[in-house]
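See below for the structure under consideration.
The values are calculated or read from the model by the stated rules, or taken from the named source; none is laboratory data. Everything numeric here is computed off the predicted structure, so don't read it as measured data. Cβ coordinates were reconstructed from backbone atoms using ideal geometry, including for glycine residues, and neighbour counts include every protein chain displayed. Accessible surface areas use protein heavy atoms only, side chains included; no ligands, DNA or RNA. Shrake-Rupley method; radii C 1.70, N 1.55, O 1.52, S 1.80 Å.
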Number of protein chains: 2
Amino acid sequence: MKASRFFIATLKEAPTDAEIVSHQLMVRAGMIRRVAGGIYSYLPIGLRSIRKVETIVREEMNRAGALELLMPAVQPAELWQESGRWVQYGPELLRIKDRHERDFVVGPTHEEVVTDIARREIKSYRQLPVNFYQVQTKFRDEIRPRFGVMRGREFIMKDAYSFDRDQASLAESYKKMFDAYVRVFSRIGLEFRAVAADNGSIGGSGSHEFHVIAETGEDAIAYCPASDYAANVEAAEALPLNATRAAPAEEMKKTATPGKAKCEAVAELLNIPLQRTIKSIILATENEGAEPTIWLLMLRGDHSLNDVKTGKLPGLSGYRFATEAEIVDTFGTPPGYLGPINTKKPIKVIADSTVANMSDFVVGANEVDYHITGVNWGRDLPEPIVADIRNVLAGDPSPDGKGPLEICRGIEVGHVFQLGTKYSDAMNATFLDENGKPAPMLMGCYGIGITRVLGAAIEQNFDAKGIIWPESIAPFEVVLCPMGYDRSDAVREQADKLYAALQAAGIDVILDDRGERPGVMFADWELIGVPHRLVIGDRGLKEGKLEYQARRDTEATLLPVEDAANVVIEKVRAALASGVTR
Amino acid sequence: MKASRFFIATLKEAPTDAEIVSHQLMVRAGMIRRVAGGIYSYLPIGLRSIRKVETIVREEMNRAGALELLMPAVQPAELWQESGRWVQYGPELLRIKDRHERDFVVGPTHEEVVTDIARREIKSYRQLPVNFYQVQTKFRDEIRPRFGVMRGREFIMKDAYSFDRDQASLAESYKKMFDAYVRVFSRIGLEFRAVAADNGSIGGSGSHEFHVIAETGEDAIAYCPASDYAANVEAAEALPLNATRAAPAEEMKKTATPGKAKCEAVAELLNIPLQRTIKSIILATENEGAEPTIWLLMLRGDHSLNDVKTGKLPGLSGYRFATEAEIVDTFGTPPGYLGPINTKKPIKVIADSTVANMSDFVVGANEVDYHITGVNWGRDLPEPIVADIRNVLAGDPSPDGKGPLEICRGIEVGHVFQLGTKYSDAMNATFLDENGKPAPMLMGCYGIGITRVLGAAIEQNFDAKGIIWPESIAPFEVVLCPMGYDRSDAVREQADKLYAALQAAGIDVILDDRGERPGVMFADWELIGVPHRLVIGDRGLKEGKLEYQARRDTEATLLPVEDAANVVIEKVRAALASGVTR
């Protein structure tokens, strides 16, 4: 491609609504333009990268035996009513009416449509397993679309749906997709982690998220560098930090802690480690026709409550924080100095598994400006219900026993999920098994946010000058910058020769023949993020040299003219191959 | 691809709602499945053909210098309000509201979005010309979707939009697209015609439709086999069939024609050629605050009114047929025996250009059961307004003077159109010209109905057994049918060897390893329309032979085993190349 015949629309400034770097850089590089909130046009340079992501995804889906089809964006409400999601799905589901006032949705996902296809087309176990995928435009009516393509309303997604005869077969289909996703993100050349969405164990889990690691990621991920353990912090299991409980060494004692409601302040005042204090969190659950149940959850002073785990505990589904009135009513004192001892009314106490093994700890006294120190289980208060209710911290032991955890931040770009019979039950998608009996199909669903991958790749790979694309999804792999293409015959001839040589080798090359000043040229291609650059100038040519610079290099290297094409070809091929074999 | 790992969903019967052959065959071949009225899922075998059409279209768009981008399906109402189409576009425009009750449309076309991009990104004449295209899913809320993908609601379209600095440059951009379309349909291997949408002259026209020729086409096309003249019958110019007017030879005479209101009946009764009679058509146009104007249009008895041409005549824009009351009021008699002589009130008379040169003709007498014969212009009634108001017939002279016209039927699959400044004026899309003055961009738009091409290809190429695909867009180019793949080692080995050889040559081959009976196999692949078939059986192998049959062949040919792969490879390559060079 020659730049004069291409459309380059770089901008000096990012729009004011672009809060994160990938959004800023995609607009500045001329990849996207806003059409409405969360709705973008992809300009030619942006679409080139999208197509490269799509191609890699398609190749790996096909290799895994999935079959591409294409389902419609506009879907009849009847299917969503059958599955129950017409009611369950919130306002993110864009519900519309056609000219005959019939209800439709603009599809945010395609479980209903694909299940409808399966139940009509698949009659026998002999037709199973099958896995259908599509690369398709979806719409999700986000209340507050933001972050460019990271949380848009209209976006491109690869979604796959597997149908199996039994759980063992589903597990195989799931594994194939899991492996395909690993290949996809490896080939793209991103640092990523497969994260168990529920308990972190890769073997047994029915759901994994694929996260691109980036400091700006919205999800916190706990992982063990010494193993493949990784889980969303929301879901990561927190082991007790003390294997056994020490015997009591102190007497229980009411202690004045005036103005020191927070654990940190109490620890400082009493000159004890924060790890000796207890944080009390008061929750309430409703009881039909009776008073709400009040719960006191006890965490070590340096720990924080994990609301996902908490919500899964018996009796705590749908919990809420207790009101101030309920707290006064139950504890006889307003929030600030609460604890499990001397409550006004009975409560249910849950201790985090670490707290359950503590001794001589400090709790609030249920009296303003007072705590109780030297508290011990069994002696001063009854044994509690014990549960894992906290978020893991860096340094905590990995649940697989392979060493300490670390925490990083990630951007979810893919998700694999074992649906089981949720949709096949609701929509009566059955097949005849080997005994001629109808059985529900077991389903899995597998998504990759194609447009989101671009944003995530940028969040992981950028600098002050702009984007740094991996070769696999760069809009161009190599840019040729001739200094004076229109003035110097020698420069033009050499540039054209290189251009032809690179094209012949199948390299995706752009020749900047726009006649811009070197500063403008370099700034444009650094902003756009082309990974390899060759500069052709009269001065260098006199010495038989060209300037080569990789996008991450701080300085240019001189290459002999005759070697330049081959050097660059080898670099591009090596980069693409490193992804393939990763 | 091996059939056992693919998804084949052929049906014996077509659904009852499938009225035309392409709809029936696409459903029966397992290419499409209905999701809602005019909304389809494309099953894997259908998507394969779609992708091949898309690839050819992309290659030719890129070759013509157009740049691919991707605009959103969901578009904000504001842009449509700016262009005026929010009001002008009928109920086919699917208007929707998002969760914030803001108005959007699901785009049936993208002039507004692309013009918005152009006005924001293009500042200078130096950035022109530019041509943006996309392959994208559109929605048109047809009141009565039917005919499968031929008149669906959701469909895939390639739409391109050119921007130029002046009319000469627009004409060049238009010519490039015109030529690209010729290459696209030639490469696909369809019989087609580029049809001038207005006047039929390829040079000067600002709009052409590309029609695939098929007996089932909904458009009638007039073309001259001896030249490149082709026009939609709606628009084709009808020359007068008589160069000069003969002198009167009869006296004007009122003649009884009891019960003979129609021209055919009058001609029969009077024993004269139908070409001597005149058909009178009464139209009305509204006049604000005054009586409507009544028009009498005179056509030769064997001719029919062309409503498109009529609507373009001075004073006749927005015409309607006169009511019976208006006719009685104007002519003094009800419809049936109307004519231009002895009207009760004054009327405007327009004679078709052929009628204007007639003499001694027959008109209605404005009296039930009577006509007037021997009528002559000038002598019996004043010279009329003369205009081309009729549809051309086969045998009429071509307007380019190159011989008689023929009429065929076609299916519109593409359209190229010079928009001029319609959208750039409405949306203020200007650029600075060489003198630094703002000027509106000149636009062209260019569409190909990707999914419609499939339907049209089938309407042109089918037989009683099913579809007959051209190689270019066949879901598979070659099918291997082994007789007893699971039973005979010799058959399996030979089939696998052929499969490997064809794949290595880049042939899109499917090996039917499903273990179906020969009859089922053959019926499936004939229905699906794979252009080349090789049958591998023990009996043939013993003599070193395979059976080859092209989809259009009535009988199989025996090929030596060792030649089979090369013969088929050459056939496929020759077919694809014949399209390329056409």
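Listed by first and then second residue, the pairs linking a residue in segment A:60-71 that is among the charged types (D, E, K, R) to a residue that is open to solvent by 10 Å² or more (accessible area, probe 1.4 Å), with Cβ atoms under 7 Å apart and 6 or more places separating them unless they lie on different chains, are A:GLU60/A:ARG183; A:GLU68/A:ARG58. Here A:ARG51 clears all of (1) within 12 Å of chain B (Cβ to nearest Cβ); (2) over 25 Å from the mean Cα position of the chain (by Cα) except the condition numbered (2).
How do the pairs read when you match residues in segment A:324-347 that are in the same structural domain as A:LEU381 (by the TED database) with residues anywhere that are of a type in the set (Gly, Ala, Ser) and open to solvent by less than 20 Å² (accessible area, probe 1.4 Å), using Cβ under 7 Å and keeping only pairs 6 or more apart or on different chains? From segment A:324-347, the pairs are A:GLU326/A:ALA284; A:TYR337/A:GLY364; A:TYR337/A:ALA365; A:LEU338/A:GLY364; A:GLY339/A:GLY364; A:GLY339/A:ALA365. Per this entry, B:VAL195 is counted among residues that are crowded, with 21+ Cβ neighbours inside 10 Å and either away from chain A (no Cβ under 14 Å) or under 30 Å from A:THR137 (Cα atoms) (or both). Within segment A:86-130, the set of residues being within 24 Å of the chain's Cα centre (by Cα), more than 10 Å from chain B (Cβ to nearest Cβ) and open to solvent by 10 Å² or more (accessible area, probe 1.4 Å) comprises A:GLN88, A:TYR89, A:THR109, A:GLU111.
Is it the case that some residue within segment A:381-391 is over 22 Å from A:LEU241 (Cβ atoms) and either assigned by the TED database to the domain that holds A:ILE281 or open to solvent by less than 20 Å² (accessible area, probe 1.4 Å) (or both)?
Pass one, segment A:381-391, residues over 22 Å from A:LEU241 (Cβ atoms): A:382.
Next, from what is left, pick out any that are either assigned by the TED database to the domain that holds A:ILE281 or open to solvent by less than 20 Å² (accessible area, probe 1.4 Å) (or both): A:382.
Yes, some residue in segment A:381-391 is over 22 Å from A:LEU241 (Cβ atoms) and either assigned by the TED database to the domain that holds A:ILE281 or open to solvent by less than 20 Å² (accessible area, probe 1.4 Å) (or both).
A search for C-beta distances below 6 Å between a residue of segment A:103-128 that is in contact (Cβ under 8 Å) with a residue 60 or more places away in the chain and any residue that is in a strand (DSSP E or B) and surrounded by fewer than 18 Cβ atoms within 10 Å (Cβ to Cβ), counting only pairs 6+ apart in sequence or on different chains, returns A:SER124/A:LEU432. If you go through segment A:148-161 and keep only what is among the aromatic types (Phe, Trp, Tyr) and either over 22 Å from A:MET71 (Cβ atoms) or more than 10 Å from every other protein chain (Cβ to nearest Cβ) (or both), you end up with just A:TYR161.
Yes/no matrix, rows are residues, columns are (1) farther than 30 Å from B:SER41 by Cβ; (2) of a type outside the set (Gly, Ala, Ser):
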position	(1), (2)
B:ARG409	no, yes
B:GLU412	no, yes
B:VAL416	yes, yes
B:THR421	yes, yes
B:SER424	yes, no
B:ALA429	yes, no
B:ALA439	yes, no
B:MET443	yes, yes
B:GLY449	no, no
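Hey, any hits in segment A:277-285 for a residue that's outside any strand (DSSP E or B) and either within 28 Å of A:GLY410 (Cα to Cα) or not charged (D, E, K, R) (or both)? Give the steps one after another, and end with the answer.
Applying the first criterion (outside any strand (DSSP E or B)) to segment A:277-285 yields none.
No: segment A:277-285 contains no residue that is outside any strand (DSSP E or B) and either within 28 Å of A:GLY410 (Cα to Cα) or not charged (D, E, K, R) (or both).
Of the residues that make up segment B:171-190, is at least one in a strand (DSSP E or B), polar (S, T, N, Q) and closer than 30 Å to B:LEU576 by Cα? No, because not a single residue in segment B:171-190 is in a strand (DSSP E or B), polar (S, T, N, Q) and closer than 30 Å to B:LEU576 by Cα. Consider segment A:76-85 and keep the residues that are among the small types (Gly, Ala, Ser) and touching a residue at least 60 places away in the same chain (Cβ under 8 Å). The one that is nearest to the other protein chains (Cβ to nearest Cβ) is A:SER83.
Taking the condition more than 26 Å from A:ALA118 (Cβ to Cβ), among the hydroxyl-bearing types (Ser, Thr, Tyr) and in contact with a Lys or Arg (Cβ under 9 Å, 6 or more places away or on another chain), does B:THR109 pass? Considered against the rule, which asks whether it is more than 26 Å from A:ALA118 (Cβ to Cβ), among the hydroxyl-bearing types (Ser, Thr, Tyr) and in contact with a Lys or Arg (Cβ under 9 Å, 6 or more places away or on another chain), B:THR109 comes out as yes.
Among residues of segment B:137-147 being more than 8 Å from chain A (Cβ to nearest Cβ) and part of a strand (DSSP E or B), the one that is surrounded by the most Cβ atoms within 10 Å (Cβ to Cβ) is B:LYS138. Restricting attention to segment A:13-44, the residues that are at the interface with chain B (Cβ under 7 Å from one of its Cβ atoms) and in a loop (DSSP other than H, G, I, E, B) total 1.
Among strands (runs of 3 or more DSSP E) entirely within segment A:403-464, having at least 1 residues that are on the phi < 0 side of the Ramachandran plot, at pLDDT below 95 and over 13 Å from the mean Cα position of the chain (by Cα) singles out A:406-420.
Within segment A:85-107, which residues are among the charged types (D, E, K, R) and not in a helix (DSSP H, G or I)?
Applying the first criterion (among the charged types (D, E, K, R)) to segment A:85-107 yields A:85, A:92, A:95, A:97-99, A:101-103.
Hits for segment A:85-107 are A:GLU92, A:ARG95, A:LYS97, A:ASP98, A:ARG99, A:GLU101, A:ARG102, A:ASP103.
Mind checking which residues of segment B:329-373 are in a helix (DSSP H, G or I), surrounded by fewer than 17 Cβ atoms within 10 Å (Cβ to Cβ) and within 41 Å of the chain's Cα centre (by Cα)? Don't jump to the end; show me each part of the working.
Within segment B:329-373, the first condition is being in a helix (DSSP H, G or I), and the residues that meet it are B:329-331, B:353-356.
In the following step, the residues that additionally are surrounded by fewer than 17 Cβ atoms within 10 Å (Cβ to Cβ) were identified as B:329.
Scanning segment B:329-373 gives no hits.
Out of A:GLY374, A:GLY410, A:GLY378, one residue alone is more than 27 Å from A:ALA226 (Cα to Cα) and touching a strand residue (DSSP E or B) at 6+ places or on another chain (Cβ under 6 Å). It is A:GLY374. The condition (being in a loop (DSSP other than H, G, I, E, B) and in contact with a helix residue (DSSP H, G or I) (Cβ under 7 Å, 6 or more places away or on another chain)) is satisfied by just one residue among A:ALA226, A:ALA235, A:ALA267, A:ALA247: A:ALA235. For segment A:424-446, residues that are buried (at least 24 other Cβ atoms within 10 Å of the Cβ) and within 16 Å of A:TYR133 (Cβ to Cβ) total 3. When the residues of segment B:208-265 are narrowed to those that are open to solvent by 50 Å² or more (accessible area, probe 1.4 Å) and within 20 Å of the chain's Cα centre (by Cα), which ends up nearest to B:THR354 (Cα to Cα)? The residue in question is B:GLU237.
Where in segment B:496-582 are the helices (runs of 4 or more DSSP H), entirely inside, with at least 3 residues that are touching a Leu at 6+ places or on another chain (Cβ under 8 Å) and outside the structural domain of B:MET31 (by the TED database)?
Values: elements: B:518-528, B:538-542, B:561-581.
Of the helices (runs of 4 or more DSSP H) lying wholly inside segment B:496-582, those with at least 3 residues that are touching a Leu at 6+ places or on another chain (Cβ under 8 Å) and outside the structural domain of B:MET31 (by the TED database) span B:561-581.
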